[in-house]
1. Scan the range 80-98 for residues that are modelled with pLDDT under 85 and of a type in the set (Ser, Thr, Tyr) and jot them down.
2. Quick check on this structure: which one of Ser349, Ser368, Ser430 is at pLDDT below 90 and among the hydroxyl-bearing types (Ser, Thr, Tyr)?
3. Among the residues of the range 206-225, is any of a type in the set (D, E, K, R) and part of a loop (DSSP other than H, G, I, E, B)?
4. Please work out which one of (1) in contact (Cβ under 8 Å) with a residue 12 or more places away in the chain; (2) closer than 30 Å to Asp254 by Cβ; (3) assigned to a loop (DSSP other than H, G, I, E, B); (4) not polar (S, T, N, Q) is the condition Pro202 fails and give its number.
5. Kindly state which helices (runs of 4 or more DSSP H) lie completely within the range 286-370 and contain at least 2 residues that are in contact (Cβ under 8 Å) with a residue 12 or more places away in the chain and over 30 Å from His382 (Cβ atoms).
6. Taking the range 409-443 on its own, how many of its residues are under 30 Å from Arg386 (Cα atoms) and assigned to a helix (DSSP H, G or I)?
7. Whether any residue in the range 269-281 is surrounded by 15 or more Cβ atoms within 10 Å (Cβ to Cβ) and among the acidic types (Asp, Glu) is what I want to check.
8. Consider Asp344 against the criteria (1) surrounded by 14 or more Cβ atoms within 10 Å (Cβ to Cβ); (2) under 30 Å from Asp245 (Cβ atoms); (3) of a type in the set (Asp, Glu): it satisfies all of them except one. Which criterion is unmet?
Amino acid sequence: AFEAMITENLQRKDVDPIEEAFAFAQLAEKGRTLEDIALKIGKSTRFVFDRIKLNGLIPELKERVRNGDIPLSGAMILSKLDEETQKEFNEEEEEQCTTAMIREFVSNSFMELGNAPWIKDDSDNWENTDIKSCSQCENNTCNHGCLFYEMNSKDARCINAACYEKKQIAYVTQKIQLEYEHLVKVGEPLSFGKTVIIARRPDTYWGEDRKVFYEKTLEAVKQLGFEIVDPDEIFRCKCWYSEDDERTLKMLEDGEVYRCLSFFGHYSPEFNVSFYYVRKETASSTSAVADLKEIEREKINAQLKRAKDIVKEKSAEEMRKWAQEKPYYRRTKELSENEQLVFDVMVLSGCSSTYLEKLNLKKWNGGSDFVNYVKNNQADRHQWYRAFIAECLSSNNVNFYSYLQKCQKILFAEQYPDDFKALSKKLADSYDKKEKKLKERLKELNNDNIEEA
């Protein structure tokens, strides 16, 4: 019965690969061979084997396969990785990805030399450096017990992460020096006709190792004496026309775009030339940026401001925990002057936006200083208390909580006795009419039951 149920589920048109993988594994655990399973569902043995491999995915990746964020061919590659490496991929690649991206991630994670950029570029030549060629390096798995590197180069891997990283950085610096001309040097203006190296801040989802490698590579390039700028801070936005497009060439000639070079790919060094639109308000007749130092000063000031904001945020977060965890509410003494001030601020900020605007305060504006307003307007305290009460008793919560309804009656019976009496009488009269009508109907129904009996 169990086997029949699973087989029937597998024959649905909408069955997803993860569900298939689970079902095949269940049949295999019950003693069915791969050939048996394949024959029963009309698929090849290889198909069944590949599906079962998907059970090796961590739950987060299984869900992403179901959602279509990860293609099936890419999922097959990921299923072969250990749990920690899968978790690393899931953290680094939060959005939809392609099989090519997954292959690149795996290649970089396992330091496959066949996909290393210096091997692909045929530049595994490190003259005048202390770096060994991969073909002669003892960290190359294909040099372990084999005299001929070329015979095993297809499966070559580096087993020394520090050596691999060193070659990646050396590849970047060497390629920049040998293949790119007219690069802007440190301190030079971004004169039209030159090329500037660009690099953005590391993304927040990057792993720590990736961030460290990025910073090391940037530092190595800076040591060469070249200027590195963040394009988002210097330019308006990216131009998506290709380098040989007539429109790009025209804008280059007119000083509307600037040629930029980036060297950091998704997982490994990757050189790309792109173009960015110049900000007219900061450009001069000869340079894309009138004063690079002024932009740097603005950047530093923004970083200083952000550093202060971080201190405030961390302080607020820590004291928020105090408010949750410390037994402050157990104190039995009268409110201190500061406690009364804080309470008044809480009450005032809880008033309606319409009322607060009359006081030149804004409810959702962090710049409104409620504390100073309370300090300087103590005589108006009872007024904003009443505004707070009105806000609470006019909210939708009144429809759901009986204690608020009781508060309404207590307050308005005292403050507006005539209106309260008139409302009470109106509702009572309405209720009496409805009650009388309904009771008459009940009486009719009861009489009908007696007659039937």
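The values are calculated or read from the model by the stated rules, or taken from the named source; none is laboratory data. Please read all numbers here as calculations on a predicted model, not as lab measurements. Note that each Cβ is placed from the backbone with ideal geometry, even for glycine, and that neighbours are counted across all protein chains shown.
1. Result: Thr85, single match.
2. Working: Ser349 fails: at pLDDT below 90; Ser430 fails: at pLDDT below 90.
Being at pLDDT below 90 and among the hydroxyl-bearing types (Ser, Thr, Tyr) holds for just one of Ser349, Ser368, Ser430, which is Ser368.
3. Taking the range 206-225 and keeping what is of a type in the set (D, E, K, R), we get 208-211, 215-216, 219, 222.
This time we only want the ones that are part of a loop (DSSP other than H, G, I, E, B), so: none.
No, that holds for no residue.
4. Only one criterion in (1) in contact (Cβ under 8 Å) with a residue 12 or more places away in the chain; (2) closer than 30 Å to Asp254 by Cβ; (3) assigned to a loop (DSSP other than H, G, I, E, B); (4) not polar (S, T, N, Q) is unmet by Pro202, namely (2).
5. Values: elements: 292-325, 337-349, 353-358.
Of the helices (runs of 4 or more DSSP H) lying wholly inside the range 286-370, those with at least 2 residues that are in contact (Cβ under 8 Å) with a residue 12 or more places away in the chain and over 30 Å from His382 (Cβ atoms) span 292-325.
6. Going residue by residue through the range 409-443, those that are under 30 Å from Arg386 (Cα atoms) are 409-428.
Narrowing further to those that are assigned to a helix (DSSP H, G or I): 409-415, 417-428.
The number of residues fulfilling the criteria is 19.
7. For the range 269-281, residues surrounded by 15 or more Cβ atoms within 10 Å (Cβ to Cβ) and among the acidic types (Asp, Glu): absent.
8. (2)
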